[in-house]
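The values are calculated or read from the model by the stated rules, or taken from the named source; none is laboratory data. This one's a predicted model, so the numbers in the text were calculated from it and none came from an experiment. Neighbour counts run over all protein chains shown; Cβ positions are idealised from the backbone, glycine included.
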Amino acid sequence: MHVENFKVFADLVESESFSRAAKLNGITQSAVSQQLRGMEKHFKVLIVDRSQKQFRLTNEGIKLYGSAKEMLRLYETLNSELQEMRKEISGTIHISTVYSIGLHELPPYIKIFLADYPEVNIRVEYRRANMVYEDILNNSIDLGLIAYPEKHKQLEVLPFHDDTLILVASPEHPFAKKSSIDMSELNGHKFIGFEPDIPTRKATDRIFREFNIDAELVMEFDNVETVKRAVEINAGLAILPQTTVNREEAQNLLKVIPFKKHNFRRPLALIHRKGRVLTPAMKKLIELLTTQTPA
């Protein structure tokens with residue numbers, strides 16, 4: 001029995017999905033099933049109750065899962081400590097984040113990090129905000145980057161930095177000539193927004209309620225790039241994080257209009273699961289993300 005077998009088993013239990021466990025470990029779904037049967041044969045117990053429609057462990061399976069997690073934790077701790085003793089910064093770091101952070105906030109940090117630690121491989125997955133939390137809680141991802149962080153008893157939440165929300169318009173929109181705008185001027189205008197469950201959409205909804213703005217929401221999208229394209233064709237205005245529109249502003253594809261007398265902050269945070277063993281590479285990346293600002 002190898003440590004990889006326990007890793008596949010733990011992923012299967014936590015995801016309750018043979019296909020998900022297979023994807024997490026780069027093997028086929030059939031291989032996951034074969035490993036499970038191999039463990040049952042090795043320990044001479046039934047691990048999964050196959051009489052149930054939903055995935056459910058037997059009592060022996062529950063015991064095995066607890067022991068498997070402890071062995072994996074000890075193995076990861078040993079591996080991390082040996083790397084530290086060798087002063088080795090290497091390995092792969094998996095990051096899960098939303099498009100607005102992954103495309104516009106993260107790249108300068110990754111450039112700096114990889115210049116200092118070329119032996120590290122960083123993989124970034126773009127996910128909806130709720131899936132970033134799920135990835136971290138399921139231990140399928142090492143680190144997550146999210147906006148408007150939510151507290152969770154199983155998560156460590158570390159401040160990244162704050163962005164500013166600004167009004168964005170097409171160069172053809174009447175507002176494009178303004179150097180700043182009063183909140184009351186937004187009444188009755190068409191807006192492009194994120195889908196309702198996205199944290200930045202919830203923040204803009206709060207802004208509209210706070211200032212009694214009656215905005216006409218004409219389109220909803222699940223990522224910032226599509227929102228920007230809709231604004232570019234003058235389908236409506238949008239309230240977006242300032243860093244996400246720097247390129248379009250420089251190319252005169254979009255006009256950025258600050259709010260008069262108001263500064264709306266968008267807090268960003270790094271998250272990882274509490275108790276997770278952090279490799280030296282992860283520790284270095286966390287330090288960079290939480291203490292430095294790229295030039």
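Of all residues in segment 6-31, how many are over 17 Å from Asn138 (Cα atoms) and surrounded by 14 or more Cβ atoms within 10 Å (Cβ to Cβ)?
Looking only at that region, the number is 3.
Give segment 206-221 a look and list any residue that's surrounded by fewer than 16 Cβ atoms within 10 Å (Cβ to Cβ) and either outside any strand (DSSP E or B) or among the small types (Gly, Ala, Ser) (or both), or say none.
Scanning segment 206-221 gives Arg206, Arg209, Glu210, Phe211, Asn212, Asp214.
Of (1) closer than 22 Å to Gly275 by Cβ; (2) out of contact with any Gly (no Cβ under 9 Å at 6 or more places or on another chain); (3) of a type in the set (A, V, I, L, M), Val13 satisfies all except one. Which?
Checking Val13 against (1) closer than 22 Å to Gly275 by Cβ; (2) out of contact with any Gly (no Cβ under 9 Å at 6 or more places or on another chain); (3) of a type in the set (A, V, I, L, M), the one that fails is (2).
Taking the residues in segment 187-205 that are hydrophobic (A, V, I, L, M, F, W, C) and not in a loop (DSSP other than H, G, I, E, B) as candidates, determine which candidate is farthest from the chain's Cα centre (by Cα).
Filtering segment 187-205 for residues that are hydrophobic (A, V, I, L, M, F, W, C) and not in a loop (DSSP other than H, G, I, E, B), the one farthest from the chain's Cα centre (by Cα) comes out as Phe191.
Going residue by residue through segment 127-136, is there one that turns out to be among the charged types (D, E, K, R), part of a loop (DSSP other than H, G, I, E, B) and within 28 Å of Arg206 (Cα to Cα)?
yes
Looking only at segment 154-168, decide whether some residue is surrounded by fewer than 14 Cβ atoms within 10 Å (Cβ to Cβ), without any contact (Cβ under 8 Å) to a residue 40 or more places away in the chain and not polar (S, T, N, Q).
Taking every residue of segment 154-168 in turn, none turns out to be surrounded by fewer than 14 Cβ atoms within 10 Å (Cβ to Cβ), without any contact (Cβ under 8 Å) to a residue 40 or more places away in the chain and not polar (S, T, N, Q).
Please go through (1) in contact with a Lys or Arg (Cβ under 9 Å, 6 or more places away or on another chain); (2) under 21 Å from Glu16 (Cα atoms); (3) exposed (fewer than 13 other Cβ atoms within 10 Å of the Cβ); (4) of a type in the set (S, T, N, Q) for Ser51 and return the number of the only condition it doesn't satisfy.
Evaluating Ser51 over (1) in contact with a Lys or Arg (Cβ under 9 Å, 6 or more places away or on another chain); (2) under 21 Å from Glu16 (Cα atoms); (3) exposed (fewer than 13 other Cβ atoms within 10 Å of the Cβ); (4) of a type in the set (S, T, N, Q) leaves (1) as the failure.
Testing Asn234 on (1) on the phi > 0 side of the Ramachandran plot; (2) at pLDDT below 95, one condition comes back false. Which one is that?
Of (1) on the phi > 0 side of the Ramachandran plot; (2) at pLDDT below 95, only one is false for Asn234: (2).
Where the second residue is among the charged types (D, E, K, R) and surrounded by fewer than 16 Cβ atoms within 10 Å (Cβ to Cβ) and the first is more than 17 Å from Leu167 (Cβ to Cβ) and lies in segment 209-229, which pairs have Cβ atoms under 6 Å and are six or more apart or on separate chains?
Going by the 6 Å Cβ cut-off, the qualifying pairs are Glu220/Glu195; Asp222/Glu195.
Provide a single number: the residues in segment 230-260 that are touching a residue at least 60 places away in the same chain (Cβ under 8 Å) and among the basic types (Lys, Arg).
2
Quick one: in segment 65-104, of everything that is at pLDDT 80 or above and assigned to a loop (DSSP other than H, G, I, E, B), which residue is surrounded by the most Cβ atoms within 10 Å (Cβ to Cβ)?
Result: Val98.
Mind listing just one residue for me: the one in segment 230-279 that is among the polar types (S, T, N, Q) and part of a loop (DSSP other than H, G, I, E, B) and, of those, surrounded by the most Cβ atoms within 10 Å (Cβ to Cβ)?
Taking the candidates together, the pick is Thr279.
Listed residues Ser184, Ser179; which is more than 19 Å from the chain's Cα centre (by Cα), in a helix (DSSP H, G or I), more than 25 Å from Asn25 (Cβ to Cβ) and at pLDDT below 95?
Unique residue meeting the criteria: Ser184.
So how many residues does segment 171-227 have that are basic (Lys, Arg) and closer than 27 Å to Leu268 by Cα?
Residues that pass the stated criteria total 4.
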